[in-house]
Amino acid sequence: MLNVFEKIHESMGVGMDIKTLWGLRVQEFYRKMFRYYSIIGANVVYFFLIIGSIFIYYFHLFLQWIPPQISVEFILSLFVTFLLIQTKVRTFIKRADIMFLLPVEVKLKSYFVKSLVYSFVIDVIKLLSLMTILISLFLPTSNLNLLIFFLITVIASYNILMKWIEQWLKTHVQIVLHRLIRFFSIYLMSYFLFKNDWIFELALMSINFVYFIYFIGKKRNLNWQWLIVEEESALLRNFKFINIFMDVPNLKRSFRNRRLLTVILKRCIPYSQSSTFVYLYSHLFVRYNDYFYLYSRLTFIGIFVNYAIPASGWIFNLLILFITGFQVIPLQHEMKQIVFLYPISTSQINDSFLKFVLVILYVQLFILYFAMFIHPSAFNIYYLVIGSLFVYVFVRFFVSKRVNVSGNVFIE
């Protein structure tokens, strides 16, 4: 039976050398990603330099705002936990592999060990990068040393293995409980580590080690469906990031109907030919989770900053408006081509998209400044005027140059 699958696999040009398969898959992935990132590389560098500088400035203000009862270790532990909890185990598995690799699963141990090591290294790089950025902020009040950095990598490896275990959980309740255990374990281990409470740290690590051995001790087959979903989810995350800067073909979107919001849109948007595409873009925005959640998250962050740091919040508001407007630009290409057969000129469709962006940014602007008006100040109206002018200039002179609803820009 194995010989049959090997012949089929070789005839497809995939190759059955298990020792080189993982390397070939990684090369294929990075070759594909390099084609995208080589185009947007310069923009990403400048983008993150600006965003990073503003983030560090506001993070300093945020630390000053935090009540003294909340310890630095508490904040650091939350950062580490939220970073690790987003982990995806990268296996570079494809859907067709179920047919061709399942019969040789016993030979794939080295393949998946390499995948776990790769995922671990990626997590460690992220963690060390985070700690390097934040160390200057926390160093005066915390005792960071090489031992702590080493144990952080141990926590990262524990996180990867706990994520790997998830494939063998059968019920939704088991998955939820496992994720809660993983979340609080990472947080508490990080917290005790930063607090230098070594007794609690070692006790917790021992308990987690026993918990891990309990699952690994039983011999189980791989859950191929979980592996595929996990890999596709990680790949989709990469494409969503790329889609911020350029259009990615065949990008899968998740959506919800959100009937209440669609009813509100029907009442607010006039029933006329000129409003056709404003209506369509508004419904796409409300129903596509990627855009709607992005808008909601950024708005919530802006509200928090305005409430916590009202004196400097107006600068952060401009950044929020810029990021929101920049990231909704790809929405112009989300419609199917058949929609453009509607008898409306391309220039009118472009204007409809600009009008849509203008409206959602003005709505976001007023929501953000509502939080600022909780702290009465004579400058609030002045900041509101600045924000309104910024939105208008941004849409008319920045977004308008990037709108071309009749065409897509992507790599074949």
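Ordering 154-163, 229-238 by mean Cβ neighbour count within 10 Å, with the highest value first, yields 154-163, 229-238. Residue pairs exceeding 32 angstrom between C-alpha atoms, taken from Lys32/Lys355; Lys88/Lys355; Lys107/Lys240; Lys32/Lys163; Lys163/Lys266; Lys266/Lys401: Lys32/Lys355; Lys88/Lys355; Lys107/Lys240; Lys163/Lys266. In terms of other Cβ atoms within 10 Å, Trp65, Trp224, Trp314 run from fewest to most in the order Trp65, Trp224, Trp314.
Cβ crowding within 10 Å, taken as a proxy for footprinting-reagent exposure, orders Ser274, Ser77 from fewest neighbours to most as Ser274, Ser77. Oblate is the label for the stretch 163-318. Its Cα gyration tensor axes, ordered a ≥ b ≥ c, give a/c of at least 1.5 and b/c at or above a/b. Ordering Leu331, Leu101 by the number of other Cβ atoms within 10 Å of each residue's own Cβ, fewest first, gives Leu331, Leu101. Amide H contacts of Phe255 (H built 1.01 Å from N, in plane; Pro and chain starts excluded): Asn289 sit under 5 Å, all sequence-distant by 5 or more or on other chains.
The numbers here are math on the coordinates, done by the rules we state, and not lab data. All values reported here derive from a predicted model rather than from experimental measurement. Quick reminder, even Gly has a Cβ in these numbers, built from the backbone with ideal geometry, and neighbours come from all protein chains shown.
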